[in-house]
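The values are calculated or read from the model by the stated rules, or taken from the named source; none is laboratory data. Just so we're clear, the structure is a prediction, and the values are computed from it rather than from any experiment. All Cβ positions, even for glycine, are placed from backbone atoms using ideal geometry, and neighbour counts span all protein chains on display. In case anyone asks, the SASA skips ligands and DNA or RNA and just uses the protein heavy atoms, side chains included. Shrake-Rupley method; radii C 1.70, N 1.55, O 1.52, S 1.80 Å.
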Amino acid sequence: MPSTTANGAIWQITSNNITVHIDTVTMTLTMQRSGGGPWRMVETSHDLTLALNGHETPVALASADQKQATLYEAGELSGVRVVLRGFPAGNRSVDVSLAIIVAIDGVSDEPVVRVIPAHDPQRVIREVRYPRPFVLEGRGPGVHHVLPSMQGALLPTDWPGKIDWWWIGLNWTRAIYMPWWGAIRPGDAYMGILETPFDGGLHFSHPPGGPTEVGPKWHPSMGSLSYPRQVRYHLFGSVDHNALVAKYREYARTIGRLKTLETKATEVPEVKLLQGTTVATGYTLYHIQPDSHYYHPDDPGKNHNLRTFEESIRGVERLREIYPTDRLVYHLDGWGTRGYDNLHPDYLPPCEEAGGWDGFKKLAEAVDRLGWLFTTHDNYIDYYVDAPTYREYLARVAEDGSVPGKAWWYGGAQTFLCEKNALGFVRRNFEEILRRRVPLRATYLDVFSIIEMLECYHPDHPMTREQSLQARAECFEWVRSRGIVLSSEEPTDWSVPYIDFCYWAPVAMADESPDAPTFGIPVPLFNQTYHDCVVTPAPLGKSGAVSEKDAFLYALLYGCPPIVAAPEPKVQSGPGAPVESAARSAHFHRAKILADVHRQTGFAPIEAHDLLNTEGTARVTRFTGGASIEGDFTAGKYRIVGLKGIDDTWQVVPD
């Protein structure tokens, strides 16, 4: 077990392979493995943010009026507990105290840092940024941070571009699909896992050209820090990002988050039909309300775009002709009363203008006869104020007592349904669809898996961020209990035990502009962790600086099946019958390649994703079972090895 000693203000914690030093005056920590170099914290004056007199004030832990360090031993942990009390702000001292435990876990041989809110009677702590980021020194190949932003990225210390950080860096948003990060340099690497993720995230800073700073940050829960927060570190020798992924995958297994598709298929048998699938997106009605951000006042015709259910049936027939497959998810947007993103959660009855219940059921039956999964788009977060059963007392209330709202999406003015009230609407709507014997085989519950964790301060239904996710999970579990294959938007990893597939899991992009570059060097950290747990379809169109050909290569290397747009309805007869363009034909050709590969690899773990050059333009993915896929972005070529019936020579990406 580790031993802990003190030499004045410097405490040393030592195990067989790890040494940690903590200066209890400056609260600067250094950690080092045997035979490796030290990882040293950055110097900063911003460890805490205190809300004082209507202003947010940054404070350093080192400025505490009182500091007391004592030996800490508890089960597997040995280390030091430091109590810091009283922080100067202007000409006064703020009566706040924190306890910081720095220890080594003697079982796993890993450093652990715990932040405990010991005293905050005025609830002034608004953010804690401790433990601080560790310095990543050096530049050039092999020196980078590893970040699970969207699918994931390696960010070199000298990356020249600017990086946006979404949703204030909260866990389980686009910024952080999985609650961990890491850093790699020649000979050494570390990773940090946020073991108390619900009110946490990452502080991130990367000015163009660097340096990069990444470290934990903790937010209050219902107005106060309220409970201890903990980070676990693991130190590595000379490794690449694959070792960090493998470590996190094992951690996910130990906490019960690693639920495979094979297991899910024992609960909902039609999950098996996702292996080798294609997602085809169709729509019924896009209607834009006058108060929506998207409304076209100068071109009213753009505000109401209808495709009847009968027309969609003809589109399905045409899709079957031009893209023959026995496995397909037909994802239908805008099928509800007033179309896409309107009137939620009162989405029933189906759009009368498109054919009502009868037309909706006939479309579902037409899809079902082909053996495809008929899938509805639905939403139980956006709460539209003109929905027939809208009641403001069911909406989310913010800490200041306001009811947040906006008028952005097509349906116009909305608030947000408190997730604690969502399950009743889910049950009401789905039971009615099933009662009418609509063959609903799958559904997509929008935003649940990706929107930030929310709090609610309504006295009838107060909700912490953790309870926010628990309420979403209850909705997920209820839907799957009806034998329905389940999808949501982007697959942050809290949702992995519940969803079977997602809408997409994009390549990491630096921002959301139309021509956005990639975020560092994209790598599939998420799919390396969860490829055998969640199916992650990929669109094949241009996205930011990623071309159509590059999108295909990323999808192939990331183990994704394709997303395609369902074609226009089939014309009954005559010379007006639509003809596929060359570009459209190439699109379906690329989709078929992805689906064929996914048919054999879709439920297999990814063992490694190796970069074959420093730029990441040549790379190879290796699956359990022996299959491998190599891609060359510069040449626009790929090679698939080890799959039955697929040519193992180099191929050019179809034009």
Unique residue being out of contact with any helix residue (DSSP H, G or I) (no Cβ under 9 Å at 6 or more places or on another chain), closer than 26 Å to Trp357 by Cα and of a type outside the set (A, V, I, L, M) when the list is Arg435, Arg441: Arg435
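The rows are residues; the columns are (1) farther than 24 Å from His377 by Cα; (2) assigned to a loop (DSSP other than H, G, I, E, B).
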position	(1), (2)
Val507	no, yes
Pro514	yes, yes
Leu557	yes, no
Cys560	no, yes
Ile563	no, no
Glu568	no, yes
Over region 226-264, the set of residues open to solvent by 60 Å² or more (accessible area, probe 1.4 Å), out of contact with any His (no Cβ under 8 Å at 6 or more places or on another chain) and among the charged types (D, E, K, R) is Asp240, Glu250, Arg253, Glu262
Could you check how many residues of region 210-223 are open to solvent by 20 Å² or more (accessible area, probe 1.4 Å) and over 24 Å from the mean Cα position of the chain (by Cα)? 1
In region 622-655, how many are of a type outside the set (Lys, Arg) and in a loop (DSSP other than H, G, I, E, B)? 19
With the structure loaded, tell me whether Gly36 is without any contact (Cβ under 8 Å) to a residue 40 or more places away in the chain and farther than 19 Å from Thr4 by Cβ or whether it fails that test. no
Verdict on Glu353 being closer than 24 Å to Tyr295 by Cα, open to solvent by 50 Å² or more (accessible area, probe 1.4 Å) and assigned to a helix (DSSP H, G or I): yes
Can you tell me which residue among Gly520, Gly559, Gly544, Gly483 is on the phi > 0 side of the Ramachandran plot, open to solvent by 30 Å² or more (accessible area, probe 1.4 Å) and in contact (Cβ under 8 Å) with a residue 12 or more places away in the chain? Gly483
Within region 506-514, can one find any residue that is closer than 20 Å to Leu328 by Cβ and not aromatic (Phe, Trp, Tyr)? no
Checked region 617-655 for anything among the small types (Gly, Ala, Ser), out of contact with any Phe, Trp or Tyr (no Cβ under 8 Å at 6 or more places or on another chain) and more than 23 Å from Leu274 (Cβ to Cβ); matches are Ala635, Gly636
Residues that are under 24 Å from Ser226 (Cβ atoms) and β-branched (Val, Ile, Thr): does region 2-20 have at least one? no
Could you list all residues from region 608-621 that are surrounded by fewer than 19 Cβ atoms within 10 Å (Cβ to Cβ) and assigned to a strand (DSSP E or B)? Ala608, Asp610, Leu611, Ala618, Val620
What do you reckon, is Lys637 under 18 Å from Asp550 (Cβ atoms) and either surrounded by fewer than 20 Cβ atoms within 10 Å (Cβ to Cβ) or under 27 Å from the mean Cα position of the chain (by Cα) (or both)? yes
Selected residue [at negative phi, open to solvent by 20 Å² or more (accessible area, probe 1.4 Å), charged (D, E, K, R) and touching a Lys or Arg at 6+ places or on another chain (Cβ under 8 Å)] from Asp596, Asp648, Asp655: Asp648
Which numbered condition trips up Ala551, out of (1) hydrophobic (A, V, I, L, M, F, W, C); (2) assigned to a loop (DSSP other than H, G, I, E, B); (3) over 16 Å from Met178 (Cβ atoms)? (2)
Within region 1-34, which residues are hydrophobic (A, V, I, L, M, F, W, C) and outside any strand (DSSP E or B)? Met1, Ala9, Val25, Met27
Which one of Thr266, Thr260 is touching a Cys at 6+ places or on another chain (Cβ under 7 Å) and among the polar types (S, T, N, Q)? Thr260
Go through Ser3, Ser34 for me and flag whichever is more than 36 Å from the chain's Cα centre (by Cα) and open to solvent by 40 Å² or more (accessible area, probe 1.4 Å). Ser3
Subset of region 417-451 [part of a loop (DSSP other than H, G, I, E, B) and crowded, with 19+ Cβ neighbours inside 10 Å]: Cys418, Val438, Leu440, Arg441, Phe448, Ser449, Ile450, Ile451
With Asp326, Asp358, Asp378 as the choices, which residue is open to solvent by 40 Å² or more (accessible area, probe 1.4 Å), at pLDDT 95 or above and either within 21 Å of Ala422 (Cβ to Cβ) or not in a loop (DSSP other than H, G, I, E, B) (or both)? Asp358
One residue from Ala508, Ala473, Ala555 being in contact with a strand residue (DSSP E or B) (Cβ under 6 Å, 6 or more places away or on another chain) and over 23 Å from Arg599 (Cα atoms): Ala508
Tally, over region 307-323, of residues that are more than 10 Å from Gly282 (Cβ to Cβ) and under 32 Å from the mean Cα position of the chain (by Cα): 1
When you look at Leu454, is it over 23 Å from the mean Cα position of the chain (by Cα) and among the hydrophobic types (A, V, I, L, M, F, W, C), yes or no? no
Mind telling me which of the residues Arg92, Arg85 ends up being farther than 25 Å from Tyr227 by Cβ, more than 36 Å from the chain's Cα centre (by Cα) and open to solvent by 70 Å² or more (accessible area, probe 1.4 Å)? Arg92
